[in-house]
Amino acid sequence: MTTDDRLLVIIAGPTAVGKTSAVISLAGLFNTEIFSADSRQFYREMKIGTAAPSPGEMASVKHHFVHHLSISEPYNVSRYEEDVLALAGKLFPEHPVLLMAGGSGLYINAVCHGIDQLPDPDPEIRRQLKETFTASGIEPLRRELTLLDPEYARHVDLANPARLLRALEVCRATGLPYSRLRTSRPVHRNFRILKVGLELPREELYERINGRVDAMMQAGLFEEALALYPFRHLNALNTVGYKELFDHFEGLTTLEHAVDKIRIHSRRYAKRQMTWFRSDQEITWFHPQEVEKMAEFIRRNNQD
RNA sequence: GGCGUCGUAGCUCAGCUGGUAGAGCAGAGGACUGAAAAUCCUUGUGUCACUGGUUCAAUUCCAGUCGAUGCCA
């Protein structure tokens, strides 16, 4: 069975640009459902700080990959890719068009271009590597990588501990050089993909971000973060909006300063997202309110 | 009103005894294959408040003006 006439439309863009509202309108026009590609909206305990769709929005259109996990469940891009492909396979027969909205570029890439199949990380190996890094810094990691995978060592950012840690945990677990396993082989999807990007003038986007942080505080972000404080070591909570308040709970900053940091970190996050998406030549850009234009663009590409 | 302190990058401030300036933060640009709202890299020319004076040379010394602030009245 082939579904090559089916279309997955990606709605990408920085945080607070207006993806949620645009994609809900589009879902209405195309009578279809929405996949989220926001790596933090997955977690049901994090509702306010992740600006997840409201209960009303969730009720008006079927959303997938929103609040489907608990913060304590381990999850990663590769599993996301599998889960999305499985669900798309189920839904496409009924829906000529499916929508995916989100700001996590890596997750979107995994769906569009695939991600290399590698063994799941071994928590014990990861723990040991982290311990080495904490105790002795990045130098031992560099040395080990140069030894185990000289090829990758030539290309990685040797100043980035996260990259080195990841490569080493794969080398150690498999006994093979990480670069050998990173084939980046192009995958074939049995549906077509269309990428829509949403953008606003920088100043306007930053105003929206600032406004949204205030709105989150009024909606009870403080209480939400306080309830999650005991779980602050979980990766899911290494997230803008929570970690800054955790600092305040620990007495490291005033509340005012913490909220200020949330604004700053949200802006920087948005900037990184824009850097990521800007370099993606497959994206066609729209103003978030040009829903009609987007719909037309989708229809046009859906006929070919 | 008197005395003192201060006025340097968007913000907070460094600049010893004169040779036209430099940090942190913010901002900007970039990277990115299982932590990705993560992680990391690059990036600092601005009437040194204003006006005069001294000097070969003044952000730096002197005088005045304006502004901020503190103490005394």
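The values are calculated or read from the model by the stated rules, or taken from the named source; none is laboratory data. Just so it is clear, the model here is predicted, and its values are computed rather than measured. Methodologically, a virtual Cβ is constructed for each residue, glycine included, from the backbone with ideal geometry; neighbour enumeration extends over all protein chains shown.
One table, with the values for the structure above:
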read-out	value
Candidate set: the range A:121-162, residues that are closer than 17 Å to A:Thr183 by Cα and within 9 Å of RNA strand B (Cβ to nearest atom); chosen: the one modelled with the highest pLDDT	A:Val156
Breaking point among (1) among the aliphatic types (A, V, I, L, M); (2) under 22 Å from the mean Cα position of the chain (by Cα); (3) part of a helix (DSSP H, G or I), for A:Ala227	(2)
Residue match in the range A:158-178 (condition: assigned to a helix (DSSP H, G or I), over 24 Å from A:Asn76 (Cα atoms) and without any contact (Cβ under 8 Å) to a residue 24 or more places away in the chain)	no
Complete set of residues in the range A:46-94 that are within 13 Å of RNA strand B (Cβ to nearest atom) and touching a helix residue (DSSP H, G or I) at 6+ places or on another chain (Cβ under 6 Å)	A:Ile48, A:Gly49, A:Pro53, A:Ile71, A:Val77, A:Tyr80, A:Glu81
Failed criterion for A:Asn31 (all others in (1) of a type outside the set (Asp, Glu); (2) out of contact with any Lys or Arg (no Cβ under 9 Å at 6 or more places or on another chain); (3) buried (at least 19 other Cβ atoms within 10 Å of the Cβ) hold)	(3)
Helices (runs of 4 or more DSSP H) contained entirely in the range A:50-121, each with at least 1 residues that are surrounded by 15 or more Cβ atoms within 10 Å (Cβ to Cβ), of a type in the set (Asp, Glu) and under 13 Å from the mean Cα position of the chain (by Cα)	A:77-91
Set A:Leu200, A:Leu228: member being within 16 Å of A:Lys19 (Cα to Cα), crowded, with 18+ Cβ neighbours inside 10 Å and in contact (Cβ under 8 Å) with a residue 12 or more places away in the chain	A:Leu200
Flag for A:Ile24 being within 12 Å of RNA strand B (Cβ to nearest atom) and either of a type in the set (A, V, I, L, M, F, W, C) or assigned to a strand (DSSP E or B) (or both)	no
Residues satisfying the stated conditions in the range A:269-289, i.e. away from RNA strand B (no atom under 16 Å from the Cβ) and loosely packed, with under 15 Cβ neighbours inside 10 Å	A:Thr284, A:Gln289
Any chance A:Ala162 is of a type in the set (A, V, I, L, M, F, W, C) and loosely packed, with under 11 Cβ neighbours inside 10 Å	yes
